[in-house]
1. Restricting to the stretch 109-129, give me the number of residues that are open to solvent by 60 Å² or more (accessible area, probe 1.4 Å), within 18 Å of F180 (Cα to Cα) and outside any loop (DSSP other than H, G, I, E, B).
2. Output the qualifying pairs, or none if there are none: Cβ atoms under 6 angstrom, residues six or more apart or on different chains, first residue in the stretch 9-33 and closer than 21 Å to F184 by Cα, second residue surrounded by fewer than 17 Cβ atoms within 10 Å (Cβ to Cβ).
3. From the list N179, N189, pick out the single residue that is open to solvent by 70 Å² or more (accessible area, probe 1.4 Å), closer than 26 Å to R71 by Cβ and at pLDDT 75 or above.
4. Is the stretch 135-149 home to any residue that is open to solvent by 70 Å² or more (accessible area, probe 1.4 Å), within 25 Å of A53 (Cα to Cα) and modelled with pLDDT of 95 or more?
5. Could you list all residues from the stretch 54-76 that are assigned to a strand (DSSP E or B) and open to solvent by less than 70 Å² (accessible area, probe 1.4 Å)?
6. Search the stretch 77-99 for residues being in a loop (DSSP other than H, G, I, E, B) and either in contact with a Pro (Cβ under 8 Å, 6 or more places away or on another chain) or of a type in the set (D, E) (or both), and hand back the single one that is farthest from E32 (Cα to Cα).
7. Within the stretch 86-97, how many residues turn out to be touching a strand residue (DSSP E or B) at 6+ places or on another chain (Cβ under 7 Å) and over 15 Å from S185 (Cβ atoms)?
8. Out of R23, R11, I need the residue that is among the basic types (K, R) and open to solvent by less than 80 Å² (accessible area, probe 1.4 Å). Which one?
Amino acid sequence: MLRQSGPVLTREENVWHLCSWFRSEAEVQLQELYVLFISNHHRTVPLWRQKSARGDLPVVWDYHVVLLWSRPSLDPLIFDLDSVLDFPCSLQEYTTQALRSDQDLNPQYHRLIRVIPADLFLQKFSSDRSHMKKPDGTWTMPPPSYPPIQTQGTTSTNLELFIQMKQDQGLGQVHSLQNFITRFSQDPNQS
């Protein structure tokens, strides 16, 4: 699989389309795929080895979205379209190179990870791309030419349900970085 070229998509749309491709084109069990929203309560999450980084400095995102493929008896893989790492790369390499550790970071930069089964993300995610607009209504960057992703019966966005990191709100489960690494370095279907 190659990285997408063409119109710039939002991170969440990239992952939604990747999940959709896996569902229709690949011989992959959808229950092996998880969408990861990486953020925190301050919306300041550093990631290294990103295309927009300068040297070995991290990029501080408000949130980031990647896809995890956890295959039985095989190393989990991460698909990050914004990374300079291999596509996909092993979860171990991604945690070591891109996520690194929270240990030496100021607590405002500690990462939380919302883990959502891919089939649930495909069913529930909806965006009107309003987060891509300036207060005056102009675009911060040109949107893709095709319509935004919408679930049946919606015309707005529910992106906030995925970005916010409160355990009792939104879809999926929220993990600290260390808990995520511990749990998903093994087969997540065993927990």
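The values are calculated or read from the model by the stated rules, or taken from the named source; none is laboratory data. Please read these numbers as outputs of a predicted model, since none were measured by experiment. Counting neighbours? That spans all protein chains shown, and the Cβs are built from the backbone with ideal geometry, glycine included. To get the accessible areas, we keep the full protein, side chains included, count just its heavy atoms, and leave off ligands, DNA and RNA. Shrake-Rupley method; radii C 1.70, N 1.55, O 1.52, S 1.80 Å.
1. 1
2. F22/V28; L30/R23; L30/D119; E32/R71
3. N179
4. no
5. Quick first cut of the stretch 54-76, residues assigned to a strand (DSSP E or B) only: 59-61, 64-69.
Correct list: V59, W61, H64, V65, V66, L67, L68, W69.
6. Step by step, filter the stretch 77-99, then rank; the result is D82.
7. Summing the residues that are touching a strand residue (DSSP E or B) at 6+ places or on another chain (Cβ under 7 Å) and over 15 Å from S185 (Cβ atoms) in the stretch 86-97 gives 2.
8. R11
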